[in-house]
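Q: The structure under discussion is supplied below as structure tokens; questions concerning it will follow.
Read the figures in this text as sums done on the coordinates, not as results from a lab. Predicted model, so just to flag it, every value in this text is computed and none were measured. Positions of Cβ are backbone-derived with ideal geometry, glycine not excepted, and every protein chain shown enters the neighbour counts.
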């Protein structure tokens with residue numbers, strides 16, 4: 001069996017194209033498994049995984065947990081709200097206490113960029129980054145690319161625009177890296193105040209006009225505005241933002257071509273995308289959710305084979 005070139009999944013920037021292809025091929029297999037009447041495989045019966053979520057998360061946490069249970073792993077869930085971190089315990093102490101329970105793998109979401117990398121240098125377990133600050137969210141980017149591949153047959157040569165709050169988004173950065181590794185063309189689109197200053201240095205196009213971006217692309221990945229990460233106002237009002245950057249049915253109908261609509265969720269309906277578009281035949285949002293479980297099963301399985 002082929003193996004990943006990395007020992008942890010800390011970010012897309014550490015992966016090679018061969019790694020991504022291996023993850024996708026493995027996810028193809030697991031997608032068949034989760035569509036069977038019996039959705040479990042005994043692959044990881046002797047593996048224990050700890051889910052450490054130092055930030056609120058519903059979809060990612062549920063998706064990882066379901067993936068782990070489908071692989072028959074033992075799962076420990078840890079939420080920082082009820083933990084000794086509130087009493088001043090350090091991250092390494094917390095994790096080492098969990099590892100002393102003989103945990104093999106840690107899935108971690110943390111508000112600080114670089115937390116997963118830091119952890120991988122200090123503890124003896126496989127680490128999967130489930131989102132670190134505004135830095136990376138590798139499994140989301142993998143499931144997004146996997147969904148594009150499923151729709152079009154390949155990612156290479158596709159034109160993908162990422163629309164919305166690029167500045168505060170870890171999904172955007174991971175997606176840019178993943179798409180570029182696979183040979184797609186990438187554009188970001190949003191208000192100037194929500195696009196990082198030197199992002200064009202990553203070799204991507206930058207556009208502030210939504211109509212121009214949609215005319216250019218094959219796929220539009222719509223991001224929500226991350227109000228919880230904003231300490232100042234980056235645009236006049238939500239209504240003002242929606243007037244310029246919300247994808248509506250009328251806007252799609254004016255394009256003279258079909259584009260594919262994606263969204264990593266949770267959706268702010270009526271802000272970045274209308275319900276009519278989110279629930280339309282051009283949307284692959286529900287496919288993304290289903291693919292999330294298969295991709296996470298693949299990543300966990302491939303990393304567990306290196307334990």
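Q: Roughly how tilted is helix 138-152, in degrees to the nearest 10 and between 0 and 90, from the longest Cα axis of the chain?
A: Approximately 60 degrees, to the nearest 10.
Q: Also: Against the longest alpha carbon principal axis of the chain, how many degrees, from 0 to 90 and to the nearest 10, is the axis of helix 17-34 turned?
A: It works out to around 80 degrees.
Q: Let me ask something additional. Could you check which residue among 203, 11, 131 shows the biggest mean-square fluctuation in a GNM of the chain with a 10 Å Cα cutoff?
A: Comparing 203, 11, 131 in the GNM, the peak value goes to 203.
Q: Connecting C-alpha atoms closer than 10 Å in a GNM of the chain, tell me which of 16, 126, 102 has the biggest fluctuation.
A: 102
Q: Hey, another quick one. Spin-label point model (7 Å from Cα, Cβ direction): what's the residue 113 to residue 96 distance in nm?
A: For residue 113 paired with residue 96, the spin-label model returns 2.8 nm.
Q: Which percent, nearest 5, of DSSP beta bridges in the chain are antiparallel? Please report the intermediate quantities before stating the final value.
A: Values: 1 of 36 bridges.
Percentage antiparallel, nearest 5: 5.
Q: Please give the contour-minus-distance gain from residue 59 to residue 286: 0.36 nm per residue of separation, less the Cα-Cα distance, rounded to one decimal in nm.
A: Working: separation 227, 0.36 × 227 = 81.72 nm, distance 1.22 nm.
Difference between extended and current length: 80.5 nm.
Q: Report the relative contact order of the chain, percent, no decimals, based on alpha-carbon pairs under 8 angstrom and at least 6 residues apart. Let's see the in-between values first.
A: Numbers: 549 pairs, mean separation 62.9, N = 307.
Value for the chain: 20 percent.
Q: Still on this structure: Please report the spacing between the Cα centers of region 276-307 and region 119-176 in Å, no decimals.
A: 12 Å
Q: Would you order 283, 72, 193 from fewest to most other beta-carbon atoms within 10 Å of each residue's own beta-carbon? Don't skip to the answer; put the middle values down first.
A: Numbers: 283 19, 72 14, 193 11.
In order of increasing Cβ crowding within 10 Å: 193, 72, 283.
Q: What is region 163-212's relative contact order, in percent, from Cα pairs under 8 angstrom and six or more apart in sequence?
A: Values: 51 pairs, mean separation 20.4, N = 50.
Relative contact order comes out at 41 percent.
Q: Shifting gears a bit: Could you put 297, 105, 222 in order, starting from the residue whose Cβ has the fewest other Cβ atoms within 10 Å? List each step's numbers first, then the result.
A: Values: 297 28, 105 21, 222 25.
So the residues, fewest neighbours to most, are 105, 222, 297.
Q: Oh, and also: So for region 138-284, averaging the separation of alpha carbon pairs under 8 Å that are six or more residues apart and normalising by length, what relative contact order in percent results?
A: Values: 239 pairs, mean separation 35.4, N = 147.
Relative contact order here is 24 percent.
Q: Still on this structure, I have one more. Would you kindly work out the equivalent ellipsoid of region 92-158 from its C-alpha gyration tensor and give its semi-axes, the square roots of five times the eigenvalues, largest first in whole Å?
A: On the way: eigenvalues 190, 35, 13 Å².
In descending order, the three semi-axes are 31, 13, 8 Å.
Q: Sticking with this one: Of the residues 62, 210, 22, which exhibits the maximal mean-square fluctuation in a Gaussian network model of the chain defined by a 10 Å Cα contact cut-off?
A: Per the Cα network of the chain with a 10 Å cutoff, 62 tops the list.
Q: Let me ask another. Be a star and scan region 133-170 for residues whose amide nitrogen sits under 20 Å from the point 7 Å along the Cα-to-Cβ vector of residue 307.
A: Counting only backbone N, you get 139.
Q: Based on other C-beta atoms within 10 Å, arrange 43, 147, 254 from fewest to most.
A: Neighbour counts put them in this order, fewest first: 254, 43, 147.
Q: Could you work out [θ]222 nm for the chain from helices alone, using -39500 (n - 2.57) per DSSP H run of at least four and dividing by all its residues? Round to the nearest 500 deg cm²/dmol. Please report the intermediate quantities before stating the final value.
A: On the way: 11 runs with 118 residues, N = 307.
Computed ellipticity for the chain at 222 nm equals -11500 deg cm²/dmol.
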